[in-house]
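Reviewing the structure listed below.
The values are calculated or read from the model by the stated rules, or taken from the named source; none is laboratory data. What you are looking at is a predicted structure, and each value in this text was computed from that prediction instead of being measured. Virtual Cβ from ideal backbone geometry, glycine too; neighbours counted across all protein chains shown.
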Amino acid sequence: MIRIGRDPAAQETLQVNLNDPVKKLTYDILQNSSKIYQYQSADSLQFELDMRSFIVQRALELNASNFSFAVFKKSRCNEAYWIRTDEGGFRLRRGQSAYKAILDILQNSRAYATECATAIVIVFYLALTRMFSEDLFDKLFDNIYLMGWEYLDENLGIQVFKNLKDPLPGDCLYFENPDFDRDTPEWRGENVIMLGEDKYYGHGIGIRNSEGIIRSLNRNRNPGSTESAYLGNRVIRPNYRYLYSQLR
């Protein structure tokens, strides 16, 4: 259940805007859980609900764009905003606005290609352009390097959980493919954004339910393999409490 602050009366007067299905589903999962979810205020809860909604929206927008899948050695970017490194990552060009550079990935999507973990990080940043002003975004993320999970800006506050009780819309989950074909290591698994109940966005796979993602991964196993892909127990999400604190 949701608990606001330490005042029991706050629970009775809790008012949040649940004006889209993502916010409503998130709120219902939190409120109906046997686990207690503590928030310092209704505003901090609203911040998380709003951002989760924007993560889902941005995932849908990225899926509908011309943003392509590519392994790191074949990645590409708009070099007006980014320097493509020898590793295949994208480093923000000195003097450029991080806010404008991240939005350019949507606006000029045909110029970009990378793999699935980097795409998830991009979705998180894109959602934050809806939550933060350009000035605040540029202040916090003036040294972005986009390359998987290895080079995350500490101000994004990414948290990794195992065996989390209540995955929520906007979370990043991971489908494991333990017997992937070693000739195509990009198919070792798929990072996805949870869009709703059994609905996921995976860069390169698109929008599917769990059965559809597992079917795609199973087509890329070692010949003769009988060990199926499956939804793992890892959940990755931004630190919403920390990000909310940056508004003040």
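Considering every residue within region 102-110, establish whether at least one is buried (at least 17 other Cβ atoms within 10 Å of the Cβ) and touching a strand residue (DSSP E or B) at 6+ places or on another chain (Cβ under 6 Å).
No, region 102-110 contains no residue that is buried (at least 17 other Cβ atoms within 10 Å of the Cβ) and touching a strand residue (DSSP E or B) at 6+ places or on another chain (Cβ under 6 Å).
Which one of these is aliphatic (A, V, I, L, M) and assigned to a loop (DSSP other than H, G, I, E, B): Leu231, Leu217, Leu247?
Going through Leu231, Leu217, Leu247 in turn, the sole match is Leu247.
Could you tell me whether Ala111 is touching a residue at least 24 places away in the same chain (Cβ under 8 Å) and farther than 22 Å from Gly95 by Cα?
no
Considering only residues that are modelled with pLDDT of 90 or more and under 15 Å from Ala119 (Cα atoms), look in region 176-194 and name the one that is surrounded by the most Cβ atoms within 10 Å (Cβ to Cβ).
This residue is Ile193.
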